[in-house]
Amino acid sequence: MKKLFIIILSVLLSLPAVFAEQQKTSVDIAFSIDWTFGCYKETTFASISQSLLSPRFQLETTIRSNDFMHKITLDYFYAKPTSAMTETAVSYRNFDPITGESYYEAFQSKLQFHRIRVQYDLLYGVKQMNKTTFYAGGNFSTNVYMQFENYPSITGIVSLGPSGGLNYKINEQNNVSLFCALPLLGYGVRPSFAGCDARLMKYAEEDFMKILTLGNFLSLHNYQAILLNADYNIKVNKYFSLGVGGNFEYSRIAVPKERPLYYLNGSFNTKATVSF
């Protein structure tokens, strides 16, 4: 699985050079730092956790060739959320195998949450109206939600869905863009509680690829998500631009059905773009 991920990532990162060489396209590489406000609800662990002003990093490559637009996005979010589990110490009842007696031990939670997204969008400029170009297409996305406490809880999802957006060119130096992505079909692997169950741990030890057999096919009945992006860019010169914008994302992963994961994240970002 690790080798497959490395191969896919290498191919995605090499796409800009391939398209630029074969089709003489323009390539924009943008890096942004987001400050987020949001929360997530992991029902296999705690009722709700939230984190304010946590950093979120995005690296985005945009390739324009005639009426086509290719977007490759690498997105990483990290937080130490607060919840009822992290505010006070919790007492656990343990068993001493030597004396045969039970005892209580205080434990302070150190919850960490990581989210990684790799997404490829293929868009086509379906209509141009004055200074506005409308785009429609699709996306392929890989999402990993990782929660670390006493035990790890890792959810992995691959999905396909439609994408759309518009770009409004105010003048030669300024433009505004809006984009939206929706997953419709996917496949996900998710533990049924906060930790790796015995079968998952056994598969990880014997053959990591067998973990994929523990997944579920996803669609609107058990996976709903939306990703919105808005940017305002100012071109400093031919090769460099600055921008500000915002992102909004909502995801609900109802696998297992009784213990879904909810992820809600909004952020404001500052962005720098290099053009070729």
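Readers should treat all values here as calculations from the given coordinates under stated rules, not as data from a laboratory. Model, not experiment: these values are computed from the prediction. Because the Cβ atoms are built from the backbone with ideal geometry, glycine has one as well, and the counts that use them run over all protein chains shown.
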Report the FRET efficiency, 1/(1 + (r/R0)^6), for TYR262 and LYS210, where r is their Cβ-Cβ distance and R0 is 30 Å, rounded to 0.05.
-> 0.55
If R0 is 45 Å, what FRET efficiency do you get for TYR187 and TYR232 from their C-beta distance, rounded to 0.05?
-> 0.80
Round to a whole angstrom and tell me the spacing of the C-alpha centers of the stretch 125-187 and the stretch 212-234.
-> 9 Å
Lys pairs, the stretch 134-276 - Cα-Cα below 26 angstrom, 8 or more residues apart or on other chains | 8
Determine, from the Cβ-Cβ distance of LEU53 and ILE29 and an R0 of 22 Å, the FRET efficiency 1/(1 + (r/R0)^6), rounded to the nearest 0.05.
-> 0.25
At VAL126 and THR270, where each label point lies 7 Å from the Cα along Cα→Cβ, what is the point-to-point distance in nanometres?
-> 3.7 nm
For PHE31, what charge total do you get from the other residues with a beta carbon under 10 Å from its beta carbon, if Lys and Arg give +1 and Asp and Glu give -1?
-> 0
